[in-house]
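The values are calculated or read from the model by the stated rules, or taken from the named source; none is laboratory data. These numbers come from a predicted model, not from an experiment. Methodologically, a virtual Cβ is constructed for each residue, glycine included, from the backbone with ideal geometry; neighbour enumeration extends over all protein chains shown.
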Amino acid sequence: MDRAVTRKRTRTRWIAVADDDDAMRTLLVASIASLGVEVRGVKDGSELVEVVCRSDATPSLVVTDLQMPNLSGMSAIRRIRKAGVEVPIVLVTAFGSDSLHADARRVGATAVLDKPFPVATLQGLVRELLAIPDVAAAEEEREVG
């Protein structure tokens, strides 16, 4: 009697980042990692789909560029959603427009960031989506005395 083997997927706190530009990918990874979260960077949409959909542990968040070789960020989002992976996805683009934002949300993006953007904007969005407290802001708001 054959039994289907189902691989159990677990949720751990890590973030997948895809960008074909090495410098941008390094900046995105470092900016997010500074929040104390493990980050795995990949160079295109095909690698992103592979790491998100075919690994044992599902990421907590995905950040992807729009324009990449092999598979665009938009196509990667479609494939991730089609595979049933329900995690927040942030699309990053230098080609932002109202119609692109609407298309991205329609295929499953949670948010869209238009380049250029301050690192603090990305970090704030990651904190919000993962419910990571902003320790510096909390320290500023705490009363002394």
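Picking from residues in segment 39-62 that are assigned to a strand (DSSP E or B) and at pLDDT below 95, the one that is nearest to Leu91 (Cα to Cα) is Thr58. Residues that are at pLDDT 95 or above and either among the polar types (S, T, N, Q) or in a loop (DSSP other than H, G, I, E, B) (or both) within segment 118-145 comprise Pro118, Thr121, Gln123, listed in sequence order. Restricting attention to segment 111-123 and to residues that are among the hydrophobic types (A, V, I, L, M, F, W, C) and in contact (Cβ under 8 Å) with a residue 60 or more places away in the chain, the residue that is surrounded by the most Cβ atoms within 10 Å (Cβ to Cβ) turns out to be Leu122. When the residues of segment 63-82 are filtered to those that are part of a loop (DSSP other than H, G, I, E, B) and modelled with pLDDT of 95 or more, the one that is nearest to Asp20 (Cα to Cα) is Met68. Considering only residues in segment 76-110 that are among the small types (Gly, Ala, Ser) and surrounded by fewer than 17 Cβ atoms within 10 Å (Cβ to Cβ), the one that is nearest to Ile132 (Cα to Cα) turns out to be Gly84.
Can you pull out every residue in segment 16-49 that is under 21 Å from Ala104 (Cβ atoms) and among the charged types (D, E, K, R)? Within segment 16-49, Asp19, Asp20, Asp21, Arg25, Lys43, Asp44, Glu47 qualify.
Here Val49 does not fit the description of being closer than 25 Å to Ile132 by Cβ and either touching a helix residue (DSSP H, G or I) at 6+ places or on another chain (Cβ under 8 Å) or surrounded by 17 or more Cβ atoms within 10 Å (Cβ to Cβ) (or both).
All conditions but one from (1) farther than 22 Å from Arg127 by Cα; (2) assigned to a loop (DSSP other than H, G, I, E, B); (3) free of Cβ contacts under 8 Å to residues at least 24 places away in the same chain apply to Glu86; the one that does not is (1).
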